[in-house]
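One structure is given below, encoded as structure tokens.
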Amino acid sequence: MMLNNEIKAAGIIGTGSYMPETVLTNSYFEERLDTNDEWIVSRTGIKERRKAEESVATSDIATYAALKAIEDANLNPEDLDMIIVATVTPDMSFPSTACIVQKNIGAINASAFDISAACSGFIYGLSIAEKFIKTGSAKYILVIGAETLSKITDYSDRNTCVLFGDGAGAAVVSSVEENNGILASYTGSDGRGGDLLKLPAGGSRMPASMETLANRLHYTKMDGSEVFKFAIKIMGEAAEKALEMCGLDKKDIDYLIPHQANIRIIESATKRLKIPKDKVFVNIDKYGNMSAASIAVALDEANKANKLSKGDVVVLVGFGGGLTWGSIVLRWA
Ligand code: COA
């Protein structure tokens with residue numbers, strides 16, 4: 001592809017999302033575990049979450065979200081130069097979920113690959129797309145955050161199972177007018193915290209065996225309170241860092257779209273950034289934590305609900321396993 005030095009800005013020109021129909025309410029867990037609606041709502045803000053059918057894989061819901069985003073951007077699948085899927089629940093180790101989506105939608109001109117940055121994955125994906133667009137190496141990039149976390153959730157572990165849900169969101173990134181679109185993107189990691197949130201078995205460190213299955217090591221393990229402390233600290237820090245990178249301040253934020261892991265974490269970030277509550281998008285009550293899909297779905301829902309106006313400074317911020325974190329400042333075009 002040709003390098004085009006004229007491109008100064010990359011932004012989002014279309015969004016889409018897809019949610020599986022089956023709803024698991026808190027009463028579903030009340031009936032099966034030592035938990036209750038009051039505990040779940042007061043500690044997490046979650047009232048219900050979605051669950052994909054047994055036969056449905058991450059690429060299936062990613063495909064539906066992708067088609068909606070492509071339509072919203074007024075494009076055809078053949079227009080795409082690249083597909084990036086952020087997920088911790090790929091259909092399989094390889095081929096990548098992005099390649100499966102590419103086949104499903106017929107995006108014959110796109111290169112396709114997955115990235116693994118847990119709940120920060122959609123932000124990482126947008127940040128990668130921004131660079132390809134700005135160098136002129138690609139014209140249209142589809143970034144998808146999609147998860148079927150139900151497939152790696154231990155429904156006998158009350159510490160984790162009430163938190164997670166399934167869903168998919170997507171955005172098309174392309175060139176936009178100067179001083180619009182992505183004004184700054186910031187990503188960070190700290191691998192020393194990797195043990196706080198992980199899926200221990202099924203990889204090369206601990207391949208699948210009868211023993212790993214018996215010990216339920218193919219399910220997500222989390223040190224909730226340590227992750228909570230990290231999240232409280234990093235959400236505000238990451239947002240402030242990206243704002244600083246583009247010469248803006250927290251008072252310039254028109255709309256905040258945070259990762260949806262826990263309403264108390266969102267409230268803490270809201271307080272630190274001094275944003276009124278009606279300027280913060282929240283859908284955790286409906287969907288729980290969908291890892292890489294959370295911000296992607298929230299962005300589409302905010303967009304479709306006309307919460308974002310032309311010229312608004314929109315901040316996306318997230319954190320997750322790895323540990324990873326990241327934020328993006330956008331001027332909505
Ligand atoms: N129902 C009832 N009780 C539960 C429960 C549930 N679903 N899950 C945990 N508990 C219990 C714990 O076992 C613990 O009991 P104990 O004191 O007898 O040991 C008690 O509730 C308090 O646990 P604690 O961990 O202190 O609660 P908390 O207020 O920190 O909330 C989380 C727990 C998981 C909701 C919270 O720590 C959190 O959201 N962490 C971050 C998770 C996250 O963001 N993960 C994804 C990163 S992208």
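Each value in this text was obtained by applying a stated rule to the coordinates, not by laboratory testing. Because the structure is a prediction, the values reported are computed rather than measured. When we count neighbours, we look across all protein chains shown, and the Cβ atoms used for this are built from the backbone with ideal geometry, even at glycine.
Observations
- Cα centroid of the range 56-131 to Cα centroid of the range 201-222, whole Å: 27 Å
- The mean sequence separation of alpha-carbon pairs under 8 Å and at least six residues apart, normalised by the residue count of the chain, gives a relative contact order of 26 percent.
- The long axis of helix 121-134 is offset from the longest Cα principal axis of the chain by roughly 20 degrees.
- Nonlocal amide H pairs with Ser111, under 5 Å, H built at 1.01 Å: Met82, Ile83
- Taking the square roots of five times each eigenvalue of the Cα gyration tensor of the chain, the equivalent ellipsoid has semi-axes of 30, 24, 18 Å, listed largest first.
- In this structure the amide hydrogen of Asp154, modeled in the peptide plane, comes within under 5 Å of the amide hydrogens of Thr220, none closer than 5 places in sequence on its chain.
- Equivalent ellipsoid semi-axes - Cα gyration tensor, the range 217-333, angstrom: 23, 16, 12
- For the range 238-252, 3J(HN,Hα) per residue [Karplus equation, 6.51 cos²θ - 1.76 cosθ + 1.60, θ = phi - 60°, Hz, x = Gly/Pro]: 5, 5, 5, 4, 5, 4, 4, 4, 10, x, 10, 10, 4, 5, 7
- Cα centre as origin, Lys/Arg/Asp/Glu Cβ charges: the chain dipole, Debye: 700 debye
- Those aspartates and glutamates that a straight Cα-Cα span of less than 13 Å connects to Lys139, excepting residues fewer than 8 apart in one chain: Glu6, Glu78, Asp79, Asp81, Glu130
- Neighbour cut-off at most 10 other Cβ (10 Å), DSSP loop, GluC sites (Glu not before Pro), the range 1-73: Glu6, Glu21, Glu31, Glu54
- GNM on the chain, alpha-carbon springs under 10 angstrom: the most fluctuating residue among Ala171, Ala239, Ala107 is Ala107.
- Choice from Leu149, Leu248, Leu256 with maximal GNM fluctuation in the chain (Cα, 10 Å cutoff): Leu248
- Pairs spanning more than 21 Å between alpha-carbon atoms, out of Lys250/Lys271; Lys233/Lys277; Lys103/Lys198: Lys103/Lys198.
- The range 57-174 - Debye-derived log10 I(q)/I(0), Cα point model, q = 0.10, 0.12, 0.14, 0.23 Å⁻¹: -0.28, -0.40, -0.53, -1.26
- For the range 9-179, averaging the sequence separation of C-alpha pairs within contact (under 8 Å, six or more residues apart) and dividing by the residue count gives a relative contact order of 34 percent.
- Among residues other than Leu330 with Cβ under 11 Å from its Cβ, the summed charge is -2 (Lys and Arg +1, Asp and Glu -1).
- Of all the options Lys250, Lys241, Lys229, the one that moves most in a Gaussian network model of the chain with Cα springs shorter than 10 angstrom is Lys229.
- Vicinal HN-Hα couplings computed from phi for the range 301-311 (Karplus, 6.51 cos²θ - 1.76 cosθ + 1.60; Hz; Gly/Pro x): 5, 5, 4, 5, 8, 6, 7, 10, 9, 3, x
- Each residue of the range 40-54 is assigned a 3J(HN,Hα), and the resulting list reads 5, 5, 6, 8, 10, x, 8, 10, 7, 8, 9, 9, 6, 4, 3 Hz, derived from the Karplus form 6.51 cos²θ - 1.76 cosθ + 1.60 (θ = phi - 60°), x at Gly and Pro.
- Loop GluC sites (Glu not before Pro), the range 107-184 (other Cβ atoms within 10 Å of the site Cβ: 11 or fewer; DSSP): Glu177, Glu178
- Mean residue ellipticity at 222 nm, helices only, the chain: -9500 deg cm²/dmol; runs of at least 4 DSSP H residues each add -39,500 (n - 2.57), and the sum is divided by the number of residues.
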